[in-house]
Amino acid sequence: MRVKMILPALTEATSPFFRPIKYSLFPPLGLATLAGYLGPDDEVTITDEHVQKVDLSDEPDLVVIQVYITSARRAYELADHYRARGVRVCLGGLHVTSLPEEAARHADTIFCGPGEDIWPRFLDDLRAGRPAPRYDSSERTLAELPPIRRDLIDRRRYLVPNSIVVSRGCPHVCDFCYKEAFFEGGKSFYTQTVDAALAEIERLPGRHLYFLDDHLFGNARFAGALFDGMRGMGRLWQAAGTVQAVLRPGLLEKAVESGLRSLFVGFETVNAGNLAEQRKWQNIDRDYGQVIRRLHDHGVMVNGSFVFGMDEDDPSVFERTVEWAVGQGIETATFHILTPYPGTRLYERMEKAGRLVHRDWDRYDTRTVVFKPAKMTARQLEDGYWRAYRDFYRWGSILKGASSKPTLRGKARHAAYAGGWKKFEPAWDLVIRARKAGRALPVLEAILGGFGARPAK
């Protein structure tokens, strides 16, 4: 069987604001995971439209497309193209799970929820000649996960080819998060065995790893055992965690000893009233400053994530957030406009209140206002979002953040990472368009290698 797997380009990746560095970071790991279930006689390819063009002249037997909300339009175009040519098309992913009826109009089969249990079942049904039009996930386990087909990934095209996921979902329930809709009908957080996770890590070449788990620290017992097993491997790694996890005694120390050098932390908002509104319970009454100090004291770089547009936000939130983040010495920041994704509690609240402006999924990109804000206009929200990025990443802010570090080496590392991420994008673009992104990995490893040592007091 000839199988073609496609990750369509997100709408924002084809816009005038396209940032090649952002969309050339990680390979399509989800599709490579599903490919591991195919048989040795199956011919399978993976096309990531962010880094290569989709060949529409081929004749596969089966096309599998992963769909996110802002790639939905493009995904449906590709699906309709192949169906018109008599090819069986399957759609799955976050957007399909949230709006299955919409997706079903463009597919022969749709998958709702994680694919570990339903994808193998579909393959058995397909080979038996009786594939169903819809499969809903209910059994949640990673116990029999086959090796990921990394041989199908062109590592040269990605800055971070060693991405890895050892868990699914998150133990927390935040109103704006897609996770609850995707994992409905079964467990919403579960992990591999520690031995299986360590075996996958051992298969990856080089030093650098990036854990794409929603919350790598979500199960403290699993995370602690994983970090114990990684100690001595000589790895440098990055991941995402919560303020609650950072403050947990002992766990961060184990992570650092095993190679943690950078952590994406969802601070979300500097307005405490927003946390209860969005059911972000794990952040309430937490000392954000202590979180950053604790990470920096262990030599871990901070990528802070912030969301603008919650109901307690007024036009002053942008300047206050940037001023706080720069003053705290956060190395990099990621800003978002609050976006009510279909299937979330936030979407339901906004819809009932008549606050949704439209359902043009292309614009549900966390950069465009798609609802009526409470304490500012849509224009103020969008302008403030862009201004926050400009202000945080201006050279003055980068140097001010770097000056918060106690050592000259620390100041240099801060400036190198923050400046390299934003200020040298034209150079990154040339490297990426020349399909040499993988060659920049040693630079990333060198910068991360400078972290991890406790700064002098």
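Among the residues of region 50-79, write down those that are of a type outside the set (A, V, I, L, M, F, W, C), open to solvent by less than 20 Å² (accessible area, probe 1.4 Å) and under 20 Å from the mean Cα position of the chain (by Cα). Scanning region 50-79 gives 70, 71.
Taking the criterion of being open to solvent by 10 Å² or more (accessible area, probe 1.4 Å), part of a loop (DSSP other than H, G, I, E, B) and in contact (Cβ under 8 Å) with a residue 40 or more places away in the chain, the residues of region 305-342 that qualify are 311, 312, 314, 315, 328, 341.
Do we have any residue at all in region 117-130 that's assigned to a loop (DSSP other than H, G, I, E, B), of a type in the set (A, V, I, L, M, F, W, C), within 25 Å of the chain's Cα centre (by Cα) and within 30 Å of residue 203 (Cα to Cα)? No, there is no match, as no residue in region 117-130 is assigned to a loop (DSSP other than H, G, I, E, B), of a type in the set (A, V, I, L, M, F, W, C), within 25 Å of the chain's Cα centre (by Cα) and within 30 Å of residue 203 (Cα to Cα). Identify the residue in region 12-36 that is farther than 30 Å from residue 129 by Cβ and open to solvent by 30 Å² or more (accessible area, probe 1.4 Å) and, among all such residues, is modelled with the highest pLDDT. Restricting to residues being farther than 30 Å from residue 129 by Cβ and open to solvent by 30 Å² or more (accessible area, probe 1.4 Å), the top hit is 26.
A Cβ distance below 7 Å, combined with a sequence gap of six or more or placement on separate chains, defines the contacts here; from region 155-178, residues that are open to solvent by 10 Å² or more (accessible area, probe 1.4 Å) reach residues that are aromatic (Phe, Trp, Tyr) and in a loop (DSSP other than H, G, I, E, B) in the pairs 178/341. Taking (1) within 30 Å of residue 179 (Cα to Cα); (2) in contact with a helix residue (DSSP H, G or I) (Cβ under 6 Å, 6 or more places away or on another chain); (3) not acidic (Asp, Glu) in turn, residue 385 satisfies each apart from (2). Candidates are the residues of region 190-211 that are more than 20 Å from residue 253 (Cα to Cα) and either part of a strand (DSSP E or B) or touching a residue at least 60 places away in the same chain (Cβ under 8 Å) (or both); the one that is most open to solvent (accessible area, probe 1.4 Å) is 206.
Annotation: of all residues in region 107-141 being farther than 25 Å from residue 179 by Cβ and among the acidic types (Asp, Glu), the one that is most open to solvent (accessible area, probe 1.4 Å) is 124. Name the single residue, out of those in region 343-388 being of a type in the set (Ser, Thr, Tyr) and in a helix (DSSP H, G or I), that is modelled with the highest pLDDT. Applying the filter and picking the extreme gives 385.
Looking across region 225-245, the residues that are closer than 13 Å to residue 255 by Cα, within 22 Å of the chain's Cα centre (by Cα) and not basic (Lys, Arg) come down to 226, 227, 236, 237, 238, 239, 240, 241, 245. On inspection, residue 397 passes the criterion of being touching a residue at least 60 places away in the same chain (Cβ under 8 Å) and open to solvent by less than 40 Å² (accessible area, probe 1.4 Å). Among the residues of this structure, residue 95 does not count as one that is touching a helix residue (DSSP H, G or I) at 6+ places or on another chain (Cβ under 6 Å) and open to solvent by 10 Å² or more (accessible area, probe 1.4 Å). Would you say residue 194 is more than 22 Å from residue 38 (Cβ to Cβ), of a type in the set (Val, Ile, Thr) and modelled with pLDDT under 95? The answer is no for residue 194.
The values are calculated or read from the model by the stated rules, or taken from the named source; none is laboratory data. All values reported here derive from a predicted model rather than from experimental measurement. We place every Cβ from the backbone using ideal geometry, glycine too, and count neighbours over all the protein chains shown. Please note that ligands, DNA and RNA were not included when accessible areas were found on the heavy atoms of the full protein model with its side chains. Shrake-Rupley method; radii C 1.70, N 1.55, O 1.52, S 1.80 Å.
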